[in-house]
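The values are calculated or read from the model by the stated rules, or taken from the named source; none is laboratory data. These numbers come from a predicted model, not from an experiment. Virtual Cβ from ideal backbone geometry, glycine too; neighbours counted across all protein chains shown. We work out accessible area using only protein heavy atoms, side chains counted, and drop any ligands, DNA or RNA first. Shrake-Rupley method; radii C 1.70, N 1.55, O 1.52, S 1.80 Å.
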Amino acid sequence: MGKGQTALEVALEQLEIAAEKLKLEREIHEMLKYPKRSLSVSITIKMDNGCPCVFNGCRVQHWDARGPFKGGIRYHPNVTIDEVTALAMWMTWKCAVVDIPYGGAKGGVCCNPKIMSKGELERLTRRYTSLLLDYIGPYRDVPAPDVYTDAQTMAWIMDTYSQFKGYSVPECVTGKPISVGGSEGREEATSRGVVICAREAAKTLDIKLKDATVAVQGYGNVGWNAAKISYDMGCKIVAVSDSAGGIYCPKGLNPYKVFEHKSKTGSVINYEGCENITNEDLLETKCDILIPAALENQITKTNVNKIKAKIVAEGANGPTTPEADRALFEKGTLLVPDILANSGGVTASYFEWVQNLTREHWALEDVNRKLESKIVKAFNDVNKLAKKEKSDMRTAALILGVGRVADAIRILGLWP
Ligand code: NAD
């Protein structure tokens, strides 16, 4: 984050801004600063060489005044409970902004999935699930994928949970494979939401999506799908990157071919006809739309003045620091904040949960139509509020999200 600022400090500063604008009661502000529950777990598994190894994990449940906790699980070597707490808090606001009946949670395991075998990851996931068993579930807390976890991880969670219950409980987790109750369109939904937001933002600036130039940081689930969907909508993808570095091609690249190249070589770099660039260069690429879709702490006071994009649509959670936010607003860059821009993922997760609870399976067109309508409504709500408040879209989204959660807390009252 900006010098020494952690994700949690950023999240708390954002809450402070919203609390001030909302003139929030001191006690509600105080309640929202802390998660309702934070679980730390030690996950011991046998590695392939027969030796046991201990991994630290956690699940943080921020607030559930509007519905069950909901949030992804991240496997990453730098996971800390503070980072997961910030991510859980952002989930609370996100679900409220897009108006779905969930609270916010997040989970993480400190590990390096890139050097672990599939068997080790399966044992890790199942043991982690067994440790969370009393705290997750369809009406308590519903996990989903995040960085370096995927549909397979969710299938292992569902199976472990179901084995303990003695019957199949597909609604205990979302982002599952379709064959075990996953939803059509879920895998792409986060990115579809990001691109819908970028499209709506482009309309407000009179930028035509056809041939608009796009740079995408991160080529995992969110980044690759965002590149693909914007390319399919007629945009020109000029730069993409992953943890190994980036590639730049002013004429425009074909994201499908880059995906094939990454599948074969492990990275987007060294793709024929493109210039290799660093991740710093990628963020500073001359383009209409920049989609950060990797990790936190990417646009900071150090590089904000070099950002040339007219629109920044945050696919990742927390890629921009508050200082950078202010600087972007001042220079007229339209930033669509994470809690709005990437809310398509949790929205489609909500659709998956509803389908599981009602034992239905909706067609892809139905999922995408409902998604479009939810995201466009949320975008318009935030945009209108930003105009009224004369603020940037992040502040408006925070006012909307925090305000809705505070309303629910007031109505429920404080028990006992
Ligand atoms: P992923 O694991 O599928 O992909 C992460 C990508 O980021 C990979 O391509 C990786 O190489 C790249 N990366 C890692 N470190 C990097 C670095 N330092 N510089 C550039 N690239 C780097 O993860 P994902 O699911 O695509 O999630 C990406 C972001 O989107 C995260 O912030 C996540 O919290 C957020 N998000 C994901 C979802 C979802 O549905 N998956 C929903 C909402 C938000």
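Within the stretch 104-122, the residues that satisfy the criterion of being open to solvent by 30 Å² or more (accessible area, probe 1.4 Å) and not small (Gly, Ala, Ser) are Cys110, Asn112, Lys114, Ile115, Lys118, Leu121, Glu122.
Checked against (1) part of a helix (DSSP H, G or I); (2) open to solvent by 40 Å² or more (accessible area, probe 1.4 Å); (3) not β-branched (Val, Ile, Thr), Ala226 meets all criteria but (2).
Pairing residues of the stretch 341-358 that are within 13 Å of Glu171 (Cα to Cα) with residues that are of a type in the set (Phe, Trp, Tyr) and open to solvent by 10 Å² or more (accessible area, probe 1.4 Å), at Cβ distances under 8 Å and at least 6 apart in sequence or on separate chains, gives Phe351/Trp362; Gln355/Trp362.
Across the stretch 205-215, a minimum of one residue is classified as modelled with pLDDT of 95 or more and buried (at least 24 other Cβ atoms within 10 Å of the Cβ).
If the condition is being part of a loop (DSSP other than H, G, I, E, B) and more than 10 Å from the ligand (Cβ to nearest atom), then the stretch 256-294 contributes Ile269, Asn270, Tyr271, Glu272, Gly273, Cys274, Glu284, Thr285, Lys286, Cys287, Asp288. Return a yes/no flag: does the stretch 334-344 have any residue that is away from the ligand (no atom under 16 Å from the Cβ) and either outside any helix (DSSP H, G or I) or within 21 Å of the chain's Cα centre (by Cα) (or both). Checked the stretch 334-344: at least one residue is away from the ligand (no atom under 16 Å from the Cβ) and either outside any helix (DSSP H, G or I) or within 21 Å of the chain's Cα centre (by Cα) (or both). Every condition in (1) outside any helix (DSSP H, G or I); (2) touching a residue at least 40 places away in the same chain (Cβ under 8 Å); (3) open to solvent by less than 30 Å² (accessible area, probe 1.4 Å) holds for Ile247 except the one numbered (2).
So is Leu357 under 23 Å from Gly181 (Cα atoms), in contact with an Asp or Glu (Cβ under 7 Å, 6 or more places away or on another chain) and away from the ligand (no atom under 16 Å from the Cβ) or not? It is true that Leu357 is under 23 Å from Gly181 (Cα atoms), in contact with an Asp or Glu (Cβ under 7 Å, 6 or more places away or on another chain) and away from the ligand (no atom under 16 Å from the Cβ). Restricting attention to the stretch 279-317, the residues being of a type in the set (Asp, Glu) and under 15 Å from the mean Cα position of the chain (by Cα) number 2.
Per the conditions (1) hydroxyl-bearing (Ser, Thr, Tyr); (2) more than 26 Å from Gln61 (Cβ to Cβ); (3) not in a helix (DSSP H, G or I), the sole criterion not satisfied by Ser191 is (3). Under the condition of being open to solvent by 20 Å² or more (accessible area, probe 1.4 Å) and without any contact (Cβ under 8 Å) to a residue 60 or more places away in the chain, the residues counted in the stretch 331-340 number 2. What's the number of the only condition in (1) touching a helix residue (DSSP H, G or I) at 6+ places or on another chain (Cβ under 7 Å); (2) crowded, with 20+ Cβ neighbours inside 10 Å; (3) more than 26 Å from Asp150 (Cα to Cα) that Lys301 fails to meet? Unmet for Lys301, out of (1) touching a helix residue (DSSP H, G or I) at 6+ places or on another chain (Cβ under 7 Å); (2) crowded, with 20+ Cβ neighbours inside 10 Å; (3) more than 26 Å from Asp150 (Cα to Cα): (2).
The residue that is surrounded by the most Cβ atoms within 10 Å (Cβ to Cβ), counting only those in the stretch 57-72 that are part of a strand (DSSP E or B) and of a type in the set (Gly, Ala, Ser), is Gly71. On the stretch given as the stretch 345-394, residues that are touching a strand residue (DSSP E or B) at 6+ places or on another chain (Cβ under 9 Å) and either open to solvent by 40 Å² or more (accessible area, probe 1.4 Å) or assigned to a loop (DSSP other than H, G, I, E, B) (or both) total 2.
Of Leu15, Leu39, Leu32, all but one fail to be hydrophobic (A, V, I, L, M, F, W, C) and open to solvent by 20 Å² or more (accessible area, probe 1.4 Å); the exception is Leu39.
Here is a yes/no grid of residues against (1) in contact with a His (Cβ under 9 Å, 6 or more places away or on another chain); (2) farther than 30 Å from Lys310 by Cα; (3) not hydroxyl-bearing (Ser, Thr, Tyr):
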residue: Asp159; (1), (2), (3): no, yes, yes
residue: Arg186; (1), (2), (3): no, no, yes
residue: Ser191; (1), (2), (3): no, no, no
residue: Tyr219; (1), (2), (3): no, no, no
residue: Ala226; (1), (2), (3): no, no, yes
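Only one of the listed residues (Thr160, Thr149) is closer than 23 Å to Ala226 by Cβ and open to solvent by less than 20 Å² (accessible area, probe 1.4 Å). That residue is Thr149. Here Lys21 clears all of (1) over 28 Å from Leu385 (Cα atoms); (2) open to solvent by 60 Å² or more (accessible area, probe 1.4 Å) except the condition numbered (1).
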